[in-house]
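Structure record follows, encoded as structure tokens.
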Amino acid sequence: MAENVHLIDHPLVAHLQTELRSNDTGTWRFREIAERLGELLAYEALRDAPRQAHTVSTPMEPYTGAQLVGPVTVVPILRAGIGPAAGMARLIPGAQVGHLGMFRDEKSLKPVSYYVKLPADIAQGVALLIDPMLATGGSASAAVHVLKQRGCTDIRFTCLVAAPEGIDRLSADHPDVPITACAIDRQLNEKGYILPGLGDAGDRIFGTVE
Ligand code: PRP
Ligand code: URA
């Protein structure tokens, strides 16, 4: 596996991402699992996040521990990224949230950008991108491009399920961006869907049917 790719190998993640895919998992439970996996992705992707010494007074004596050096900005790619982003933002102390609206044109499979709203100071800290699916990699690559245009230098991409094609594309376009995934699947089908995958992540998170 390429150096910039980190596949989380953990029984909790294995259990949850398997349950997520199942046809027996309905919208409510799908959202819940996506949030939980978002927490675990944040935990892994921020393993080497900048921290600084921080002293607190305690009932016994002063204690010098650590504090995250902010800002840490969670950036979901709309709309499906909203699910796991909720878990990420809950886990990260002081997290702020930016939004990138992007959908994939069904014929060309190219990303179409429709919304950008980012905190003004996002470039001063870690930008944690989250999208459940890394398929062709077009949406992820375009999202990283937007963040770089805003001056971000510490961008980390996270996803629930990645296809090898998407990993190759994102790594080629942005070799400086680490990728953390809960699962790496076999391949894309002719419509650009991940196999085995889980179907349409946005539809499953929000209960919509295209
Ligand atoms: C899905 C997914 C990614 C994109 C991945 O979004 O959430 O953003 O497709 O595909 P790619 O790697 O080939 O670009 P979709 O376009 O279905 O939009 P939605 O989240 O609004 O449902
Ligand atoms: N988007 C999805 O929601 N699922 C896929 O398998 C590929 C792109």
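The values are calculated or read from the model by the stated rules, or taken from the named source; none is laboratory data. Just so you know, these numbers come straight off a predicted model, no measurement behind them. With ideal geometry, Cβ positions are generated from the backbone for all residues, glycine too; neighbour counts draw on all protein chains shown. Only protein heavy atoms, including side chains, enter the accessible area calculation; ligands, DNA and RNA are left aside. Shrake-Rupley method; radii C 1.70, N 1.55, O 1.52, S 1.80 Å.
For the reader, a short list of remarks on this structure follows.
- Scalar couplings 3J(HN,Hα) for the stretch 186-201, obtained by applying the Karplus form with A = 6.51, B = -1.76, C = 1.60 to θ = phi - 60°, are 6, 5, 9, 8, 5, 9, x, 8, 7, 10, x, x, 8, x, 8, 4 Hz; x denotes Gly and Pro.
- Alpha-carbon centroid distance for the pair the stretch 16-79 / the stretch 110-157, whole angstrom: 18 Å
- Note on the stretch 25-88: semi-axes of the ellipsoid equivalent to its C-alpha gyration tensor, largest first and rounded to whole Å, are 32, 14, 9.
- The trypsin sites (Lys or Arg not before Pro) found in the stretch 1-103 that occupy coil by DSSP, while having at most 12 further C-beta atoms within 10 Å, are Arg47.
- Sites matching chymotrypsin sites (Phe, Trp or Tyr not before Pro) across the stretch 11-56 that sit in DSSP coil, with at most 13 neighbouring C-beta atoms within 10 Å: none
- The protection proxy used here, the mean number of other Cβ atoms lying within 10 Å of each residue, ranks peptides 55-61, 67-73 as follows, highest first: 67-73, 55-61.
- Heavy-atom accessible surface of the chain: percent carbon and sulfur, 1.4 Å: 53 percent
- Theoretical gain in end-to-end length, Arg36 to Ser113 [0.36 nm per residue, Cα-Cα removed]: 25.0 nm
- The chain, Rg to Rh (Cα coordinates; Rh as Kirkwood inverse mean 1/r): 0.99
- Charge dipole of the stretch 1-143 about the Cα centre (unit charges at C-beta), most positive-ward option of Ser139, Ile8, Gln52: Ser139
- With the alpha-carbon atoms of the stretch 69-117 aligned to their principal axes, the span from lowest to highest coordinate is 41, 17, 13 Å, starting with the largest.
- Cβ-Cβ distance of Ala120 and Arg47, R₀ of 30 Å, FRET efficiency by 1/(1 + (r/R0)^6): the value works out to about 0.65.
- Between Val69 and Arg90, full extension at 0.36 nm per residue minus the direct alpha carbon distance yields a gain of 5.9 nm.
- Cα convex hull of the stretch 150-210 - mean projected area over all directions, nm²: 5.5 nm²
- Distant alpha-carbon pairs in the stretch 110-200 (separation over 21 angstrom), percent: 29 percent
- Charge dipole (debye, nearest 20) of the stretch 34-150; +1 at Cβ of Lys and Arg, -1 at Cβ of Asp and Glu: 360 debye
- Of the complete DSSP H runs in the chain, those spanning 20 angstrom or more by Cα along the long axis with a mean Kyte-Doolittle score not below -0.5 are 27-45.
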